[in-house]
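For reference, the structure is listed below as structure tokens.
Please treat every number below as a calculation from the coordinates, not as lab data. Just so it is clear, the structure is predicted and the values come from calculations on it, not from any experiment. Every residue, glycine as well, gets a Cβ built from its backbone with ideal geometry; the counts of neighbours run over all protein chains shown.
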């Protein structure tokens, strides 16, 4: 199990790798893909810096086909934690789909919070 922390301009990304080698190329891939979400949450950073807690794991050691890699993330915003997870054959594909799911969760959160922000 490997833990690492990446700092983006507007977001802190905590990475935990279980059963997967956290190579520098994978680390920069995660930083680029999930760091792009910071532009969607920049309006919520008044109470503090948003954080993403990401776990990238290999589900089983003996299977080589099927959904082997898991990516799950918690995006911690003020008064809310948004969560997404995805299983896939490739770890990078799992991260891409996870990013899209988190983006949809952020959009839902924004629409729920928009009447409160206008008051």
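Under the 0.36 nm per residue contour assumption, what length would be gained going from the current alpha-carbon distance of residue 97 and residue 23 to full extension? Intermediate results must be reported in sequence, preceding the final value.
On the way: separation 74, 0.36 × 74 = 26.64 nm, distance 2.01 nm.
Taking residue 97 through residue 23 to full extension adds about 24.6 nm, to one decimal.
Please check which bits of the stretch 89-109 a label hung off residue 33 would reach, taking the label as a point 7 Å along Cα-to-C-beta and the cut-off as backbone N under 11 Å.
Hits in the stretch 89-109 for residue 33 at 11 Å: 89-101.
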